[in-house]
Each structure stands twice: as C-alpha cells, then as structure tokens.
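The values are calculated or read from the model by the stated rules, or taken from the named source; none is laboratory data. Every value quoted in this text rests on a predicted model; they were computed, and no experiment measured them. A quick note on method: Cβ atoms are made from the backbone with ideal geometry, for glycine too, and the neighbour counts reach across all protein chains shown. Protein only, heavy atoms only, side chains kept; ligands, DNA and RNA dropped before computing areas. Shrake-Rupley method; radii C 1.70, N 1.55, O 1.52, S 1.80 Å.
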Amino acid sequence: TDMEETKEELKAQYDISQNNFQEVMHLSKLYENAIEQTNIILRADKNRVINYANDQFYKISGLTKKELVGKPYNYLKRANNMEESYIENMWNYIAKGNIWKGQIINTFKNGKIYHFLATIVPIINTHGDILEYISIRKDITDIIELHKEIEETQREIIYKIGESRSNETGNHVKRVAEYSKLLAKLYGLDEKECDILFIASPMHDIGKVGIPDSILNKPG
C-alpha cells in the first residue's frame, strides 16, 4: 500500500513537472529570442574556441560564419590600447565561474574600432562544470566617439582661451599638458589617468581670463 501511494504521489509530481517543463521551455525560447534580437552575441567553448555568433555580430564585424566559427577567441583583433593582460585577467576570472562585466574594444574587417560593453557568463552544468562562455555585448562606439569629440572641443576651448591673452600663454598651456602627461607616465599612472591630467592641467592658467590687459601686459 505504501509503495502504491508513493507511486501515485510520484506520478502526480511527474505530471506537474512535465507541464512546468513545457512552460519553462516556452518562456526560455522567448527570453532567448529577446536577447538575440537586442544584443550582439558571441559564444566560445571552454577551450576559448568560438562556436557561435548571432546575426548582429556578423553584421557589425563584417565576418562570415565560415571565417569565425572554429577560430580561437584571440582571432578577433583587439584595438592597440587594449593590453593582453586585460583580456587574460578576464579569462582567468570567468574560468573560476564568475560573471565578468567590462569594456571590450575590437578592430573588425573594415578597419574601424568598435567599443562594447560586455557581460560574459560561464554556462555551468549541474555538476559545476563549465560547458561554454556566452558574451552579450552592447555597441557603445557612437557614445565613445561623441565623448572624444566633446573632450577635443573642451581642450580646444582651453587652448583658445590661453591664446586669446597671448600667443606665449597658449604655447605654455600646451607644454604644461605634455609635461604633465609625461610625468604621470613616468610616475606609473595608467593611460586613463594620464589623459585626465593632460586635459585638466592647462586649466591652471584659466585665471588669466579675468585679469585686465593693463595688468597682464604691464611692462616689468
């Protein structure tokens, strides 16, 4: 009797789980399609070999499935300012089962540099083994280029302000910018911090804008 009751109970549970499974599969397909349509997807196996890319990736990279699938991940050309250690640290981090979030910069077939915000997720089975890695990317190239354009405009305004008071002042702020960046590099700051100093250092002379010419250009 106990066995029969157990069988009936298991059967009822199985029927429920079967129904749930169908529902879960249906929903997972909808989620998968939503992610595929709105993101740039790249997948690689545990040996870092590319095994899948969606249409969005092929479109932006200019690569074909034949050119990409089966190639090692480092087949994708990185921009010159991306250090090898950055990518290696990324792989070491996700190989431990962690989800990685950061910026990736690639140079694709047309020679253009593309900037991505990426989330890389290790796909792990119930035994804790990593089966593959999936990279979900957002293209932020336009935002980065606009930001650079704004920075260039800001830098130009600073130089023009210096030059408006005297040509020598204009050259002086440019020299200060170059020296500041060089000293920052020699000190060991990273590239981003060096660039911030390069942009900001000419501001040390901004006070001259409010000084009357009668004082600023007074002989002696």
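With the charge dipole of segment 1-110 set up from +1 on Lys and Arg Cβ and -1 on Asp and Glu Cβ about the Cα centre, the Cα lying farthest toward the positive end among the listed residues Ile105, Thr64, Ala79 is that of Ala79. Heavy-atom surface analysis with a 1.4 Å probe gives segment 89-167 a carbon and sulfur content of 55 percent of its accessible area. Relative contact order for segment 1-133: 18 percent, from Cα pairs under 8 Å spaced at least 6 residues apart, divided by residue count.
Can you work out the accessible area per residue across the chain, with the rest of the protein chains kept in place, probe 1.4 Å, in square angstrom?
Accessible area per residue: 69 Å².
With Cα atoms defining each centre, segment 110-143 and segment 42-84 are spaced 10 Å apart in the structure.
For semi-axes √(5λ) of the Cα gyration tensor in Å, the value calculated from this model appears in (1) 33, 20, 17; (2) 57, 20, 17; (3) 36, 23, 15 under label (2). Each helix, a run of at least 4 DSSP H residues, gives -39500 (n - 2.57); summed and divided by the residues of the chain, these come to -17500 deg cm²/dmol at 222 nm.
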